[in-house]
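The values are calculated or read from the model by the stated rules, or taken from the named source; none is laboratory data. On a predicted model such as this, the values are computed, not experimentally measured, just so you know. Counting neighbours? That spans all protein chains shown, and the Cβs are built from the backbone with ideal geometry, glycine included. In case anyone asks, the SASA skips ligands and DNA or RNA and just uses the protein heavy atoms, side chains included. Shrake-Rupley method; radii C 1.70, N 1.55, O 1.52, S 1.80 Å.
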Amino acid sequence: RDARDLTVVRRAVTADIPAIEVIFSQARDFMRANGNMSQWTGGYPTSDIIARDIDRGQCFVGVDERSEIRFVFTLIPGEDPTYAQIYDGAWLIEGAYATLHRVASDGSLRRVLERCVDFAKRLHPELSLRIDTHADNHPMLRAIARCGFRRCGTIRLEDGSPRTAFAM
């Protein structure tokens, strides 16, 4: 099924944390099976990160007709400190933006990132969107391109790890 047909995206609540943790575990397994060995290591995203995102009202889940969580993402309006400096390029769009982070699904739906982007545009129509991913995350790189994001350069996470950054 196509995630764009899934009509319910809602803010995550604390009771969703166990289901979200399962989805993140499935996403880590999917990454490893697809050659991405170094992204989301060490149990990232942790339950503390999930709880913080929920407390801030920035964690969202996509649910099916039975209210089962099928995907999760974090949408953060405002400046992202790791995006302050970009290397090997430049941000194509200056000004206010929101960032999509920690996008993951249980694998049962297609075009999940498109659904997240559509939701973000409806929630924050005044903001441009940014996203980043690991260079080895080929499925996500394809999804990012399919959504119309344009590569801007490389950003560095707090630990110095590089990520390919995109904007729309």
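Worth pointing out:
- Qualifying residue in the range 4-16 (condition: within 17 Å of the chain's Cα centre (by Cα) and without any contact (Cβ under 8 Å) to a residue 40 or more places away in the chain): no
- Any chance ARG111 is farther than 24 Å from ASP48 by Cα, modelled with pLDDT under 95, open to solvent by 30 Å² or more (accessible area, probe 1.4 Å) and touching a Lys or Arg at 6+ places or on another chain (Cβ under 9 Å): yes
- Selection count where residues are in a helix (DSSP H, G or I) and touching a helix residue (DSSP H, G or I) at 6+ places or on another chain (Cβ under 6 Å), scope the range 137-168: 1
- Residue in the range 144-163 that is among the charged types (D, E, K, R), at pLDDT below 95 and closer than 26 Å to THR41 by Cβ present: yes
- Residue in the range 8-17 that is at pLDDT below 95 and among the hydroxyl-bearing types (Ser, Thr, Tyr) present: no
- Filtering the range 88-106 to residues that are surrounded by 11 or more Cβ atoms within 10 Å (Cβ to Cβ) and of a type in the set (D, E, K, R) leaves ASP88, ARG102, ASP106.
- Just one of the listed residues (GLY78, GLY57, GLY43) is on the phi > 0 side of the Ramachandran plot, free of Cβ contacts under 8 Å to residues at least 12 places away in the same chain and not polar (S, T, N, Q), and it is GLY43.
- Residue match in the range 121-136 (condition: closer than 22 Å to ALA15 by Cβ, part of a strand (DSSP E or B) and open to solvent by less than 60 Å² (accessible area, probe 1.4 Å)): no
- Those residues of the range 60-73 which are touching a residue at least 24 places away in the same chain (Cβ under 8 Å) and of a type in the set (Lys, Arg), in sequence order: ARG70
- Lone unmet requirement of (1) in contact with a strand residue (DSSP E or B) (Cβ under 6 Å, 6 or more places away or on another chain); (2) at negative phi; (3) charged (D, E, K, R) for ARG102: (2)
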